[in-house]
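Here the structure comes first, spelled out in structure tokens, and everything after it is commentary.
The values are calculated or read from the model by the stated rules, or taken from the named source; none is laboratory data. None of the values given here were measured: they were computed from a predicted structure. Backbone-built Cβ (ideal geometry, glycine too); neighbour counts: all protein chains shown. The protein model used for the area step is the full one, side chains on, heavy atoms only, and it has no ligands, DNA or RNA in it. Shrake-Rupley method; radii C 1.70, N 1.55, O 1.52, S 1.80 Å.
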Amino acid sequence: QVGQVFLYFQWDSLLLEAGFLAVLVAPLRLLKWRSTTWRAHDSVTFWLVRWLLFRLMFASGVVKLTSRCPTWWGLTALTYHYETQCIPTPGAWFAHQLPVWFQKFSVVATYVIEIAIPLLFFAPVRRLRLFAFYSQVLLQLLIILTGNYNFFNMLTIVLAFSLLDEEHVGYWLGRSKRRHASTWPPSLRSLLSALMELSAYALLLYWSIQYFSLEINWEKRLLDSKVAFTYHEFTTWLQAVTLPLVGLGFLSLSWEILFAMYRCFCVRGCFWKLWATLQWGVFATATLGMFAVSLVPFTYIDYESNGKLWPGIHQMFSAVERFQVVNSYGLFRRMTGVGGRPEVVLEGSYDQQTWTEIEFMYKPGNVSRAPPVVAPHQPRLDWQMWFAALGPHTSSPWFTSFVYRLLQGKEDVIRLVQADESQYPFSARPPVYLRAQLYKYWFTGSAQGSPAPWWRRQLLHQFFPSVSLGDPALESLLGQHGLK
């Protein structure tokens, strides 16, 4: 809230929520002489991390369809996404060259990973949870390769570790303790687990083929796909599953709480048994409270389900809402830049005759410059320039103040544009005049053989008029936005 639009992204809210959960997950060492790395109630608080991951991924998949964005419904979103996202990487240029059928199949895979697979987060079969873990990590790694989304993808991978267990991490480190000898006939438990695992994979495959009409076109050697359900059918399904998903989460949490209580009774010594039970009671209560208040933002995906929640839960949420310890999510809701990415190019001059473009460190400008790799840093100004290009400059009041500070030659602001003075054309003295033009940018095609230039662009119109210090138009805009 302090940074206003510059610090008001969904991953900032995600970091707040994950940070608060880390307080509950971190060890509480009240009795130093009995300090251990494991406590009976650890799985209860750690479950909240898994619930946060579920809410993040499931909502991000659902909003793509509830937004009615034609590119998501037509499975063509990724044919625009790579070149129109805020700050692409060089990998985005190569991903943009992939054939359309593959881009459409990638959208289908995104739906499966974000909507269907998160249901496996609460599966009783361990290998299904591991499958869900690697699916989420794969998606995040592909996003990292094609886009600069700062710490968001790495934070999501950290949250995905809530799907693992000590044995699997030990396997990575070469410290796996369990060594199972193959026994025949297999136990009933292993048979049921294998049956449930195969059933889950078969359902995922059937669901994907059935609802996205996946069909191999042998003549053209491609995979055809299209959405085989209507908006009404999807919203009806969403309305039918939202509250049962809440019930699934509650059952999963209840199991963790009861199993943790059993572990408390297994602790040796009456005093330590009582101490473990006391801690279990405190953290189980805190976990149930966090779960309850999280139901309000989670059910925003279906307002009818939101209205059916117990009124006391809404009151609890209202009491803590200002702290943002629980939030609603829904990334990439709509695809912008269909028909070309709008880009604001700032120009400065001393005489209003010769104009020099001001090159930013990260956002597209010079068509021959390769897209950068800047994550996990998020250049907030470059990101806001992307948002500013989506509408008139009056919808981004900060832009007027930005122009005003550049005309004044404020070093703090200039360093946000260019940290290297030699790259800033007005490092000797500030420009007398500034203006901004709106362009449309596209990635170049692969016909050239190598991405040089990386971009092509077309001038649309003036974005911000030519102004100078003391200009009545600039003074009026500053006053209008309450900036002076």
Computed over region 341-481: relative contact order in percent, which uses C-alpha pairs under 8 Å that are six or more apart = 32
Charge sum, other residues only, whose C-beta stays under 13 Å from Trp255's C-beta, Lys/Arg counted +1 and Asp/Glu -1 | +1
For the chain, evaluate the Debye formula with one uniform point scatterer on each Cα (no solvent term) and list log10 I(q)/I(0) at q = 0.06, 0.09 Å⁻¹, rounded to two decimals.
-> -0.36, -0.77
So the FRET efficiency between Phe94 and Asn366, C-beta based with R0 = 22 Å and rounded to 0.05, is 0.65
Of the listed links Lys104/Lys220; Lys440/Lys484; Lys363/Lys410; Lys220/Lys363, those spanning more than 27 angstrom between alpha carbons are Lys440/Lys484; Lys220/Lys363
Local charge sum around Ala123 (other residues, Cβ-Cβ under 12 Å, Lys/Arg +1, Asp/Glu -1)?
-> +3
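Using mean Cβ contacts within 10 Å as the protection proxy, how do 167-175, 356-364, 463-471 order, highest first?
On the way: 167-175: 11.0, 356-364: 18.9, 463-471: 16.2.
Averaged packing, sorted descending, gives the order 356-364, 463-471, 167-175.
For region 85-228, with every protein chain kept in place, what is the accessible area per residue (1.4 Å probe, Å²)? Please list the in-between numbers first.
Numbers: 8340 Å² over 144 residues.
That works out to 58 Å² for each residue.
Ignoring any ligand, DNA or RNA, what whole percent of the accessible area of the chain comes from carbon and sulfur when the probe is 1.4 angstrom?
Details: 15620 of 24910 Å².
Roughly 63 percent of what the probe reaches on the chain is carbon or sulfur.
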Collect residues whose amide H, placed 1.01 Å from N in the peptide plane, falls under 5 Å from the amide H of Leu223; neighbours closer than 5 in sequence don't count.
-> Asn217
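For region 341-481, report the accessible area per residue in Å² (1.4 Å probe, heavy atoms, rounded to an integer).
Values: 6550 Å² over 141 residues.
Accessible area per residue, region 341-481: 46 Å².
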Protection proxy ranking of 1-11, 399-409, 51-61 - average other beta-carbon atoms within 10 Å, highest first | 51-61, 399-409, 1-11
Show which aspartates and glutamates lie in cross-link reach of Lys226 when reach means a straight Cα distance below 15 angstrom and same-chain residues fewer than eight apart are skipped.
-> Glu215
Between Gln408 and Glu321, what is the spin-label point distance in nm, taking each point 7 Å from the Cα along the Cα→C-beta axis?
-> 3.6
At what distance in nm do the modelled label points of His377 and Arg127 sit from each other, each positioned 7 Å from its Cα along Cα→Cβ?
-> 4.6
Between Glu167 and Phe387, with labels modelled 7 Å along Cα→Cβ, what's the label distance in nm to one decimal, could you check?
-> 4.6
Looking at region 186-272, which chymotrypsin sites (Phe, Trp or Tyr not before Pro) are in a loop (DSSP not H, G, I, E or B) and have at most 11 other Cβ atoms within 10 Å?
-> Trp218
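Of the listed peptides 386-398, 410-422, what is their order by residue-averaged count of other C-beta atoms within 10 Å, with the highest listed first? Before the final figure, lay out the partial values.
Values: 386-398: 16.3, 410-422: 13.0.
Taking the mean over residues of other Cβ atoms within 10 Å, the ranking is 386-398, 410-422.
So what's the projected area for region 341-481, the Cα convex hull averaged over all directions, in nm²?
On the way: hull surface 37.0 nm².
Projected over every direction and averaged, the Cα hull of region 341-481 covers 9.3 nm².
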